[in-house]
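J.: One structure follows; several queries about it will come next.
The values are calculated or read from the model by the stated rules, or taken from the named source; none is laboratory data. The structure presented is a predicted model; accordingly, all values stated were derived computationally and were not measured. Backbone-built Cβ (ideal geometry, glycine too); neighbour counts: all protein chains shown.
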Amino acid sequence: MALGKTDTQSCDSPPPMILLGVWALAGAEQCIVGRVRGHVVCVLYLQLQWTCSLCGSIYTQERCTRSQPPCNSTSAVFQAEAKAAVEDGSGEAHIWFSCPVISGLLGLAMPQWEGLQRSLRVRGHLRVYTRGRSL
Ligand SMILES: [Zn+2]
């Protein structure tokens with residue numbers, strides 16, 4: 001799992017491994033690029049939604065939900081974001097994930113992930129908040 005700003009890294013030199021505890025001690029004023037190997041403790045927040053390609057409103061079934069003014073868009077894109085607590089033995093971080101990795105985060109195989117997207121067509125969106133956890 002990679003954290004931080006990675007777009008300036010070349011492909012042949014991956015950022016160094018770093019412990020979350022060390023990272024936290026360095027403070028926010030320092031820009032550190034590193035990789036962390038840890039495990040997901042729990043998913044804190046999950047949002048899945050179909051978004052209108054034209055106006056960005058929620059898209060249900062085969063239509064955009066915007067009514068003022070009405071939107072006649074016929075296409076939508078699926079969007080997903082999640083926040084999870086990740087822990088590596090030295091510390092814990094809350095990390096935001098976006099669409100491509102969320103199926104893996106939820107442990108879903110591709111057919112299940114695609115099925116979830118299809119079933120969400122009816123309602124258009126879903127938000128899940130954690131209500132705390134017991135450790
Ligand atoms: Zn729209």
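J.: Could you count how many residues in segment 44-71 are near the ligand (Cβ under 8 Å from one of its atoms), surrounded by fewer than 16 Cβ atoms within 10 Å (Cβ to Cβ) and without any contact (Cβ under 8 Å) to a residue 24 or more places away in the chain?
T.: 3
J.: Does segment 20-30 contain any residue that is within 18 Å of HIS125 (Cβ to Cβ) and either of a type outside the set (Val, Ile, Thr) or in contact with a Cys (Cβ under 7 Å, 6 or more places away or on another chain) (or both)?
T.: No - not one qualifying residue is present in segment 20-30.
J.: Okay, next question. Has segment 28-37 got any residue that is within 24 Å of TYR129 (Cβ to Cβ), of a type outside the set (Asp, Glu) and not in a loop (DSSP other than H, G, I, E, B)? Let's see the steps before the verdict.
T.: First pass over segment 28-37, keeping only residues within 24 Å of TYR129 (Cβ to Cβ): none.
No - not one qualifying residue is present in segment 28-37.
J.: Which residue, of CYS71, CYS55, is out of contact with any strand residue (DSSP E or B) (no Cβ under 6 Å at 6 or more places or on another chain) and at pLDDT 95 or above?
T.: On the way: CYS71 fails: out of contact with any strand residue (DSSP E or B) (no Cβ under 6 Å at 6 or more places or on another chain).
The conditions single out CYS55.
J.: State the number of residues belonging to segment 72-111 that are more than 23 Å from CYS55 (Cα to Cα) and either within 16 Å of the chain's Cα centre (by Cα) or loosely packed, with under 12 Cβ neighbours inside 10 Å (or both).
T.: If we filter segment 72-111 for residues that are more than 23 Å from CYS55 (Cα to Cα), which is where we start, we get 83-97, 101-111.
Adding the requirement that they be either within 16 Å of the chain's Cα centre (by Cα) or loosely packed, with under 12 Cβ neighbours inside 10 Å (or both) leaves 83-86, 89, 93-97, 101-111.
So the answer is 21.
J.: Within segment 74-125, count every residue that is within 16 Å of GLY38 (Cα to Cα), of a type outside the set (A, V, I, L, M, F, W, C) and assigned to a strand (DSSP E or B).
T.: Number of matching residues: 4.
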